[in-house]
Each structure stands twice: as C-alpha cells, then as structure tokens.
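Report on the structure given below.
The values are calculated or read from the model by the stated rules, or taken from the named source; none is laboratory data. As the structure is a computational prediction, the values presented were derived from the model and not from experiment. Heads up, the Cβs are rebuilt from the backbone with ideal geometry, glycines too, and the neighbour counts pull from every protein chain shown.
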Amino acid sequence: MKGFTERRVNRALAWLWVTGFMLFLLAPLFVIVVAAFSEPILGRAVFPPRALTLRWFSAIQPEYLSSLGASVALASAAVVVCVLLGVPAALGIARSRWRGKAVFAALFRAPVQIPAVVTGVAFLQLYYLLGDAIGWTGAGTWTGLMIAHVFIGLPYVVGSVLAVVQRFNSSLEEAALILGAAPWSVLRRVTLPAIAPGIYSGATYAFLVSFSDLPVALFLSSSDVRTFPVLLFQAMDYEFDPALLAVATMIIVASFAGMLLFQKWVGINALLRSGK
Amino acid sequence: MNLPWHRFLLPPLVLSIALLGGSLYVFLAGSFHADLGVGRLGDALTFANYRKLFADSFYVDSLGLTIKLSAITTVVTLVVGMPVAYVLARMRSRWGPVLLAVIVAASFVTIVIKVLGLNIIFAANGGLNRFLLGTGLVTAPVSLIGKVEGVAVGLLYFTLAFVVVLLYSVVLTIPRSLEEAAQNLGASRWRTHWRVILPLALPGIIASGLIGFNLCMGAFTSAALIGAGRILTLPVLIQRTVIFDTKYGMGATLAVVLLVAGLVVNVLSIVLVSRLKAARGVTA
C-alpha cells in the first residue's frame with residue numbers, strides 16, 4: 001500500500017515537473033503568436049490581449065518578406081554546399097586508410113568550439129585581408145555570409161553522417177559487389193540510401209544553424225545584405241513594428257510544421273543520434 | 001569496397017583547413033597589433049592589447065561575468081533539464097515522442113524571437129506584472145532588461161531545449177534493467193536515482209553541460225538584447241568594440257581571450273572528471 005501511494009506521488013511530481021518545463025519553454029513562443037493577432041495597447045504588444053485582429057498580417061512590409069526569403073535562400077545554399085562537402089568528408093574519414101583520421105574528425109568538429117561572435121570577427125577580418133590582397137569583397141555580400149555559414153554548419157553534416165557511416169554494416173555493399181555491381185553504382189544505390197537519415201539530420205541542423213544565426217550575420221551584413229534575425233535584432237532597438245510579430249509567428253509555425261514532417265518522413269531518432 | 005576514399009576527403013579537408021586556419025590566423029595576428037583608430041592597425045607587433053586587457057578591471061570584470069553567468073546558467077539548465085530528460089526517456093505512453101518533438105522544434109526557433117516573447121511577457125503593463133502587482137508580491141513591475149538575472153533567463157532559453165535533447169539521448173544509453181535490478185534488491189526510487197542512474201549518466205551529463213556552457217560563453221543575442229548595454233559580457237563587448245569603436249585589434253584580443261577561456265574551462269572539467277572517475281574506480 002505504501003509503495004502504491006509513493007509511486008503515485010512520484011508520478012504526479014514527474015508530470016508536474018515536465019508540465020512546468022513545457023510551459024516555461026513554450027511561453028515566449030505562445031505569447032508571440034497571440035500578440036500577432038492582438039490589438040496593441042499604447043503601441044506595445046501586451047499579453048493577455050484585449051481584442052483580436054488580423055491586421056498585422058496585412059501590414060507586413062515587403063522588406064520583411066524579402067529578408068525572410070533571403071534568409072531561407074541563404075540557409076538552403078549553405079546546406080547544399082555543406083552536404084556536397086560533408087558527405088564525402090565523412091565517407092573519407094570513415095573509410096580511407098590514412099593515419100590520423102581522428103585528427104581530421106576533430107578538425108571538422110573544431111568550428112563548433114569557436115563562439116559565434118569570434119567566428120564573426122574572424123571572418124570579417126579575413127575578408128578585409130582578402131579584399132586588400134586579391135580585391136575580393138566578402139564582408140557585406142551574400143557569398144561571404146554563405147561561406148561563413150558553411151563553416152559553422154559543416155561540423156553538423158560531417159558529425160551526423162559519420163555517426164551513421166560508422167555503424168553501417170558493409171555486408172550490404174559486399175553483397176552488391178559480389179553480385180557484379182560496379183563500386184560507383186554501389187555507392188549510389190546502396191551506400192547513399194543507407195546513410196540518408198544521417199544526411200537529412202545533418203542538413204536539418206546546418207539549415208537551422210544558418211537560419212537562426214545572428215552573431216555571424218551581424219558582422220558580415222550590410223544595408224543590402226540583411227538576414228531576418230539581423231532585421232529583427234535591429235528593429236528591436238527602435239519603435240517596434242507589430243507586423244514583425246506576424247512574421248515571427250510564421251517562423252514559429254513553420255518550425256513546428258517542419259519538425260512534424262521530419263518526424264513523419266525520417267524519424268526524430270536520426271536527429272538525436274547526431275546530436276552527440 | 002574499394003573506392004579512392006582519400007580523394008573524397010581531400011577537397012573538403014583542404015577547404016576546412018583553409019577557412020579554419022585563415023580565420024584563426026587573421027584574428028590571432030590582429031590581436032598583436034595596436035589600434036590606430038578608424039579601423040586601422042599598427043604595423044609593429046605588440047602585446048599592448050593584452051596588457052591593457054588584463055590591467056583594466058573593465059575587461060577583467062567582463063570576463064569574470066561571462067564565465068560566472070555561463071556556469072550558473074549551465075548548472076540551472078542541468079538541474080531543470082535532467083529530470084525532464086529522464087521522465088521523457090522512460091515514458092511508456094505515446095506522449096513521450098510528441099513532447100520530445102515539441103522540445104526539438106522549440107530549440108529550432110531563433111533566440112531573437114524568444115527574447116522578443118520574453119519582452120512581451122515582462123512588459124510593464126502586461127498580464128504577468130499586473131497579476132504580481134495585484135497580489136502585492138512586488139511593488140514595482142518586474143523587468144528583465146538591464147539585469148544580470150534577466151540575461152541569465154535569456155541564456156537559459158538559449159540552451160535549455162538543446163541540452164534536454166542531449167540529456168535525453170544520455171538517459172537512453174542507461175539500460176532500464178539496471179534500475180529494475182536495484183529496486184528488486186530493495187533500493188528506493190530516490191536511492192536508485194542517486195546511486196545507479198546519476199553515476200552512470202555522469203559522463204554524459206558533464207559532456208552535455210560543457211556543450212551548454214560553450215553555448216553560453218559565446219551567446220551574444222540574449223546578452224545584447226536583455227542586457228541592453230548595461231550587462232556587458234565578452235561577446236557583447238567584442239561586437240561593440242569591433243562594430244561601434246572599430247577597434248579591430250582590441251576586438252580580436254577579446255575574441256582570443258573568450259576562445260581560450262572557454263577551452264581552459266573545457267579542459268579543466270575533462271581533467272576533473274577523469275580524476276573523479278579514477279578516484280572512484282569507475283570504468284566507463
């Protein structure tokens with residue numbers, strides 16, 4: 001009888017803790033979504049709202065949407081480059097007979113250890129130096145920003161793919177080879193599909209690293225080159241336009257919808273494995 | 001399978017080394033040149049920036065504040081997050097994966113948006129402050145802006161979801177059968193937690209904690225937006241020194257100090273953990 005009540009108390013405590021945590025975690029996001037549909041009081045978004053409205057969604061400036069679109073395009077471009085570099089790198093690390101492979105793996109992981117602000121400063125100065133040396137401007141251009149985002153996103157692709165490749169049973173490849181398939185077609189038809197979950201999760205991380213980055217973009221942005229986080233950051237200094245809440249709501253909804261799709265197509269476990 | 005694997009590795013490796021080496025070299029070198037104003041650097045090599053940094057309590061305090069805030073936030077993150085990760089990992093109902101997916105999705109949303117939400121929650125005429133004032137718990141509206149505690153809350157939102165996901169995978173590596181064995185042998189639930197689960201999870205907890213700590217050390221957004229120029233952590237100071245003061249030499253020096261301080265804390269904790277493990281004779 002005592003064990004029974006103790007278990008019930010433990011269970012209640014566990015639920016209370018998790019519920020409290022979820023409320024704490026989601027509160028800022030929930031408040032933004034509600035505020036995006038609310039009439040402001042004295043020009044400021046307030047929670048809880050007094051009246052509801054849809055007008056902020058029609059008040060979204062074209063400039064906000066173009067900046068959001070540019071952020072998506074930037075992140076997508078960075079992901080493509082990260083995958084093109086990261087998948088061969090992970091396969092190479094796992095399978096080449098070179099010595100010191102552990103060193104290479106650590107080298108690809110190194111950018112994660114560098115604080116984002118430091119990466120921003122470093123790339124800014126690197127681009128100034130390159131500008132003086134070869135006349136190529138990287139600071140304040142989309143290309144320059146994209147290269148910096150590849151730098152911070154690549155470790156995630158290499159890490160995720162490496163985690164899958166190292167556990168991948170090569171007997172499938174051997175079977176295909178014995179049956180007469182050429183190595184390159186085995187790579188395309190057997191190996192790549194088998195490691196696809198690792199590629200998807202690495203690509204997802206790389207996309208999010210780029211899409212949510214503020215510190216690096218802040219150093220490398222210009223008046224023409226502004227990602228959405230930079231725009232939002234600069235807007236928070238001045239008179240705040242509630243239409244930005246509507247854009248933020250779109251991002252929040254897209255994040256949750258994206259997670260749902262990822263869960264359905266690839267499975268959340270692929271993301272967890274590569275987190276390490 | 002015989003493919004020229006090293007040729008796969010070569011191009012990404014060369015590019016990574018170029019970017020890593022290039023960027024690290026440029027700002028390391030920059031830290032040894034004096035600022036001449038308007039973004040120009042002196043030609044002579046000098047330790048002047050480092051001497052100035054360690055002689056000026058303004059910079060030393062900023063370093064101390066950054067480490068202290070990161071450490072506190074990391075401890076709170078682990079204490080709050082570990083029970084959540086444990087409950088979710090051991091949950092047998094269908095809610096487990098759903099809650100986990102929600103936490104992962106929340107970690108995807110940029111911190112700029114989360115801070116925006118925090119500002120709305122703590123608005124002076126918002127529901128929370130009206131409630132607190134109404135109950136008489138506080139005499140003035142509670143605000144996060146410009147306060148160390150506020151920045152800590154912002155940092156918490158930066159790390160919490162991510163670290164919980166890491167801890168979740170740590171708990172998954174501990175076989176459930178070990179807990180059941182301990183309880184069959186008469187250990188209480190709490191005793192099982194303290195004597196079985198925590199020791200087994202400790203390396204993973206520390207690894208996750210270090211990742212959280214590193215995130216906090218480099219966290220710019222929370223500190224800049226909530227600190228509002230009054231709480232100057234190193235990342236904020238670096239951005240101001242480079243963008244507002246255009247002192248690239250000093251900015252680079254601060255960046256080197258931030259990078260090295262983070263590495264030192266990481267190495268110290270790893271050494272400490274292996275000492276602990278050796279002392280207790282745990283093999284893991």
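Odds and ends about this structure:
- Residue in segment A:195-208 that is polar (S, T, N, Q) and either buried (at least 23 other Cβ atoms within 10 Å of the Cβ) or touching a Ser or Thr at 6+ places or on another chain (Cβ under 9 Å) (or both) present: yes
- If you go through segment B:151-187 and keep only what is surrounded by 13 or more Cβ atoms within 10 Å (Cβ to Cβ) and polar (S, T, N, Q), you end up with B:Thr159, B:Ser169, B:Gln183.
- Screening B:Ala181, B:Ala187 for residues that are in a helix (DSSP H, G or I), farther than 30 Å from B:Gly117 by Cα, at pLDDT below 90 and of a type in the set (Gly, Ala, Ser) leaves exactly one candidate, B:Ala181.
- Listed by first and then second residue, the pairs linking a residue in segment B:1-19 that is facing chain A (nearest Cβ under 7 Å) to a residue that is of a type in the set (Ser, Thr, Tyr), with Cβ atoms under 8 Å apart and 6 or more places separating them unless they lie on different chains, are B:Met1/A:Ser170; B:Met1/A:Thr191; B:Trp5/A:Ser96; B:His6/A:Ser96; B:Phe8/A:Ser96; B:Leu9/A:Ser96.
- Qualifying residue in segment A:113-135 (condition: more than 9 Å from chain B (Cβ to nearest Cβ), of a type outside the set (Lys, Arg), at negative phi and assigned to a loop (DSSP other than H, G, I, E, B)): no
- Filtering segment B:64-71 for residues that are surrounded by 15 or more Cβ atoms within 10 Å (Cβ to Cβ) and modelled with pLDDT under 90 leaves an empty set.
- Test: residue in segment A:158-180 that is under 30 Å from B:Val265 (Cα atoms), at the interface with chain B (Cβ under 10 Å from one of its Cβ atoms) and at pLDDT 90 or above: yes
- All positions within segment A:141-172 that are buried (at least 19 other Cβ atoms within 10 Å of the Cβ) and over 30 Å from A:Gln125 (Cα atoms): A:Ser160, A:Val161, A:Leu162, A:Ala163, A:Val164, A:Val165
- A:Ala27 vs. criteria among the hydrophobic types (A, V, I, L, M, F, W, C) and under 30 Å from the mean Cα position of the chain (by Cα): yes
- Selection count, segment B:249-284, where residues are at pLDDT below 85, assigned to a helix (DSSP H, G or I) and of a type in the set (Ser, Thr, Tyr): 2
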